[in-house]
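First up is the structure itself, then whatever we jot down about it.
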Amino acid sequence: MSNVWLTAYDRGVPEHVEVAQFSSLVDMFERTVERFQERPAFSNMGRVITYGALDKASARLAHHLRNVLGLQPGERVAIMLPNLLQYPIAFFGVIRAGLVVVNVNPLYTAPELEHQLRDSGACTIIVLENFCATLQVALRTVDVPNVIVTRVGDELARPKAILTDLVVRHVRRLIPRWHIAGAMQWRRILSVRVKPNLPQVETGLNDIALLQYTGGTTGGAKGAVLTHGNVLANALILGAWFAAVGTHKGEKYLVALPLYHALALICQVVNRFILGGCGVLITNPRDLNGLVAEMRRHRFRSLAGVPSLFQALAQHPDIGKVDFSETVACCSGGAPLPLVVAEVWKSATGLTIVDGYGLTEAAGVAVMNPLGARPQRSGIGVPVCSTEIEIRREDGSVAASDEPGEIYVRGPQVMRGYHNQPEETARAIDAGGFLATGDIAAMGRDGYLTLIDRKKDMAIVGGFNVFPSEVDDVLLRHPGIREAAVVAVPDAHSGEAILACVVRQNPHLTEAEVIAHARASLTGYKVPRRVVFLDVLPKTPVGKVLRRVLRDALVEPGQ
């Protein structure tokens, strides 16, 4: 299929983006901070750090890592931090030292943390004190020689820093007891006021920048090897894409997704950083009251989230008090966007959610809707600049227009492969450089894609394919349902059957009412056979429902 989607691009958006305008992320950083010295780069908890201050702080950290600890180019440094000012300092400090970032979910259990540290070969970890007890347990079985510990208030202005740390430790009691011999203090490392002797770094576009671990929603987490070129490609592609709505000097963008996730780090932070934007870091987006309060303090140009975040915000009683007058883009990714969520968000805010699609292995985004005016929402959009998409059948042939098949992606943002897993890499990336995503979509004659579901989530009921997201969308339209996710369970008659997991808005909602609602919109084999009511649905940190966890919890052993 020819690149028919190019006709859908907003005016001025190029077919290709030149990645080599920077020689590496280090080059990008140093040229950008020189250009925007006095502009605010990030804000968090009332503290603002400028591009110039970020330059100095990250240089001190880079100096310590290379010249004090003696780390060599290419060694791995794990970052186990939530959205605090410490994160961008750590990220750029590690990159400037010629080292590789290993992003770690701060909510990991000790076994999960142990696996990632061992698999990545991390020799250093930068960790928030709140999670040191977990790290202490992991360190019993994996050796990480250098541990740098930071507190929540370390980058805040005094006396707020002192007060914040007192509240975290003694009022909210968020820091379990821990002891890690030889642990270094972040504040002491960054308090060195002498001009740091920055290491001489010769880093190129093909050098590794990140070991970005997949969320593990369909199995054990694997480390996607992302190069400086991969990261810059996606950041520059999105910069070109967003040029359709213009860039304002020092514009703010809301970072509610965790920075250890590719969508927030690459598609928001690196992308907007190049353009001189200011990221408003939300430390705990699960605190909806705190998130909405922070949204009310800033006029931001863009925000990104997963469907569940937009749904929750739309239902918040104070969302109408947020000033969206400067907001030009609300971008959704990470999971199929139910039409009902787009509708309730539009009703609550007057804004249209711009849907998109990406994955860790493609450094964030591969498909997105144009940002210019369109008469209606059209699925997840079209392939972004420099990106090719093919929809393939099971036999590997290219599917016809509107025929569902697996998404294959090729472009400069596609990973080099999986760390230390050549067989998995060979299965994921074919000889032509196309990445098999495991996601099912259909492409129309105009190049627009409609995401259907994950290939591994698809159920086969009596020989018929059932995509859970389609059933989810129907269930969410019931006013008595707050959240819903369906999974496939073994069935003696039909092979598999559909089981609905529902969080009630109406506490009196019954199983019969849910099934009757589904039957009114779905053909028989798609209707849930059973309904289970839960208090919450298990999710990844970015809000994707963990269907595998639901299925494992609800299917009896031996079935």
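The values are calculated or read from the model by the stated rules, or taken from the named source; none is laboratory data. If you're wondering where the values come from, they're calculated on a predicted model, not measured in any experiment. Every residue, glycine as well, gets a Cβ built from its backbone with ideal geometry; the counts of neighbours run over all protein chains shown.
Which one of the conditions (1) touching a Cys at 6+ places or on another chain (Cβ under 8 Å); (2) charged (D, E, K, R); (3) not assigned by TED's automatic domain parsing to the domain that holds Ala133 does Arg35 fail to meet, given that it meets all the rest?
Arg35 satisfies all of (1) touching a Cys at 6+ places or on another chain (Cβ under 8 Å); (2) charged (D, E, K, R); (3) not assigned by TED's automatic domain parsing to the domain that holds Ala133 except (1).
Whether any residue in segment 209-217 is closer than 23 Å to Asp55 by Cα and crowded, with 18+ Cβ neighbours inside 10 Å is what I want to check.
yes
Return the residues of segment 291-310 that are within 20 Å of Tyr87 (Cα to Cα) and of a type in the set (Gly, Ala, Ser); say none if nothing qualifies.
The answer is Ala304, Gly305.
List pairs: first residue in segment 365-380 and modelled with pLDDT under 85, second residue in a strand (DSSP E or B) anywhere in the structure, Cβ distance under 7 angstrom, at least six positions apart or on different chains.
Arg377/Asp355; Gly379/Asp355; Gly379/Leu449; Gly379/Thr450; Gly379/Leu451
Got at least one residue in segment 193-212 being farther than 26 Å from Ala97 by Cβ and out of contact with any strand residue (DSSP E or B) (no Cβ under 8 Å at 6 or more places or on another chain)?
No, segment 193-212 contains no residue that is farther than 26 Å from Ala97 by Cβ and out of contact with any strand residue (DSSP E or B) (no Cβ under 8 Å at 6 or more places or on another chain).
Do we have any residue at all in segment 34-50 that's of a type in the set (Phe, Trp, Tyr), buried (at least 18 other Cβ atoms within 10 Å of the Cβ) and out of contact with any Gly (no Cβ under 7 Å at 6 or more places or on another chain)?
Checked against the condition, which is being of a type in the set (Phe, Trp, Tyr), buried (at least 18 other Cβ atoms within 10 Å of the Cβ) and out of contact with any Gly (no Cβ under 7 Å at 6 or more places or on another chain), segment 34-50 yields no hits at all.
Among the residues of segment 269-286, are any surrounded by fewer than 21 Cβ atoms within 10 Å (Cβ to Cβ) and hydrophobic (A, V, I, L, M, F, W, C)?
yes
With a cut-off of at least 3 residues that are closer than 19 Å to Gln185 by Cβ and not acidic (Asp, Glu), name the strands (runs of 3 or more DSSP E) lying wholly within segment 22-104.
Once the strands (runs of 3 or more DSSP E) in segment 22-104 are filtered for at least 3 residues that are closer than 19 Å to Gln185 by Cβ and not acidic (Asp, Glu), what remains is 76-80.
Please verify whether segment 179-194 includes one or more residues that are closer than 21 Å to Tyr87 by Cβ and among the basic types (Lys, Arg).
Taking every residue of segment 179-194 in turn, at least one turns out to be closer than 21 Å to Tyr87 by Cβ and among the basic types (Lys, Arg).
Kindly list, by first and then second residue, each pair from a residue in segment 486-507 that is farther than 17 Å from Val549 by Cβ and in a loop (DSSP other than H, G, I, E, B) to a residue that is modelled with pLDDT of 90 or more and not hydroxyl-bearing (Ser, Thr, Tyr), limited to pairs with Cβ atoms under 7 Å and residues at least 6 apart or on different chains.
From residues that are farther than 17 Å from Val549 by Cβ and in a loop (DSSP other than H, G, I, E, B), the pairs are Gln505/Pro479; Gln505/Gly480; Gln505/Ile481; Gln505/Arg482; Asn506/Gly480.
Give segment 336-354 a look and list any residue that's in a loop (DSSP other than H, G, I, E, B) and on the phi < 0 side of the Ramachandran plot, or say none.
Of the residues in segment 336-354, the ones in a loop (DSSP other than H, G, I, E, B) are 336-338, 350-352.
Across segment 336-354, the qualifying residues are Pro336, Leu337, Pro338, Leu351, Thr352.
Out of Ile189, Ile148, I need the residue that is crowded, with 19+ Cβ neighbours inside 10 Å, in the same structural domain as Gly93 (by TED's automatic domain parsing) and in a helix (DSSP H, G or I). Which one?
On inspection, the qualifying residue turns out to be Ile189.
Confirm whether Arg482 is basic (Lys, Arg) and in a strand (DSSP E or B).
When the stated conditions are applied, Arg482 passes them.
Return yes when Asp457 is under 30 Å from Pro258 (Cα atoms), touching a helix residue (DSSP H, G or I) at 6+ places or on another chain (Cβ under 6 Å) and of a type in the set (Asp, Glu) and no when it is not.
Spelling it out, Asp457 is indeed under 30 Å from Pro258 (Cα atoms), touching a helix residue (DSSP H, G or I) at 6+ places or on another chain (Cβ under 6 Å) and of a type in the set (Asp, Glu).
From (1) surrounded by fewer than 22 Cβ atoms within 10 Å (Cβ to Cβ); (2) assigned to a helix (DSSP H, G or I); (3) touching a residue at least 60 places away in the same chain (Cβ under 8 Å); (4) not hydrophobic (A, V, I, L, M, F, W, C), pick out the condition that doesn't hold for Arg11.
So the condition that Arg11 fails would be (2).
For Gly379, state whether it is in contact with a Phe, Trp or Tyr (Cβ under 6 Å, 6 or more places away or on another chain), within 30 Å of Val4 (Cβ to Cβ) and among the small types (Gly, Ala, Ser).
Answer is yes for this residue.
Those residues that are farther than 21 Å from Asp457 by Cβ and hydroxyl-bearing (Ser, Thr, Tyr), I need them from segment 326-348; list them, please.
Hits for segment 326-348 are Thr327, Ser347.
Taking the conditions exactly as written (modelled with pLDDT of 95 or more, buried (at least 23 other Cβ atoms within 10 Å of the Cβ) and part of a helix (DSSP H, G or I)), does Leu113 satisfy them or not?
Answer is no for this residue.
Looking at Thr437, Thr352, which is the one that is of a type outside the set (Lys, Arg), closer than 28 Å to Asp472 by Cα, in contact with a helix residue (DSSP H, G or I) (Cβ under 7 Å, 6 or more places away or on another chain) and surrounded by fewer than 22 Cβ atoms within 10 Å (Cβ to Cβ)?
None of the other options fit; the residue is Thr352.
For Val17, state whether it is more than 28 Å from Arg299 (Cβ to Cβ) and buried (at least 19 other Cβ atoms within 10 Å of the Cβ).
In short, yes.
Can you tell which of Ile407, Ile389, Ile429 is in contact (Cβ under 8 Å) with a residue 40 or more places away in the chain and over 20 Å from the mean Cα position of the chain (by Cα)? Before the answer, list the steps.
Details: Ile407 fails: over 20 Å from the mean Cα position of the chain (by Cα); Ile429 fails: in contact (Cβ under 8 Å) with a residue 40 or more places away in the chain.
Every option except Ile389 fails the conditions.
Among the residues of segment 303-319, write down those that are out of contact with any helix residue (DSSP H, G or I) (no Cβ under 7 Å at 6 or more places or on another chain) and surrounded by fewer than 22 Cβ atoms within 10 Å (Cβ to Cβ). Even if it seems obvious, please write down each step before you answer.
Applying the first criterion (out of contact with any helix residue (DSSP H, G or I) (no Cβ under 7 Å at 6 or more places or on another chain)) to segment 303-319 yields 303, 305-306, 308-309, 315, 317.
Matches in segment 303-319: Ser308, Gln315, Pro317.
Within segment 391-428, which residues are aliphatic (A, V, I, L, M) and in a strand (DSSP E or B)?
Ile391, Val398, Ile407, Val409 - these are the residues of segment 391-428 that are aliphatic (A, V, I, L, M) and in a strand (DSSP E or B).
Within segment 162-177, can one find any residue that is β-branched (Val, Ile, Thr) and touching a strand residue (DSSP E or B) at 6+ places or on another chain (Cβ under 8 Å)?
no
Collect the residues in segment 413-434 that are surrounded by fewer than 21 Cβ atoms within 10 Å (Cβ to Cβ) and closer than 25 Å to Trp5 by Cα, keeping them in residue-number order.
Ala428, Asp430, Ala431, Gly432, Gly433, Phe434
Would you confirm, using the coordinates I've provided, whether Ala221 is hydrophobic (A, V, I, L, M, F, W, C), in contact with a helix residue (DSSP H, G or I) (Cβ under 9 Å, 6 or more places away or on another chain) and modelled with pLDDT under 80?
Yes; evaluated as a whole, the condition is true for this residue.
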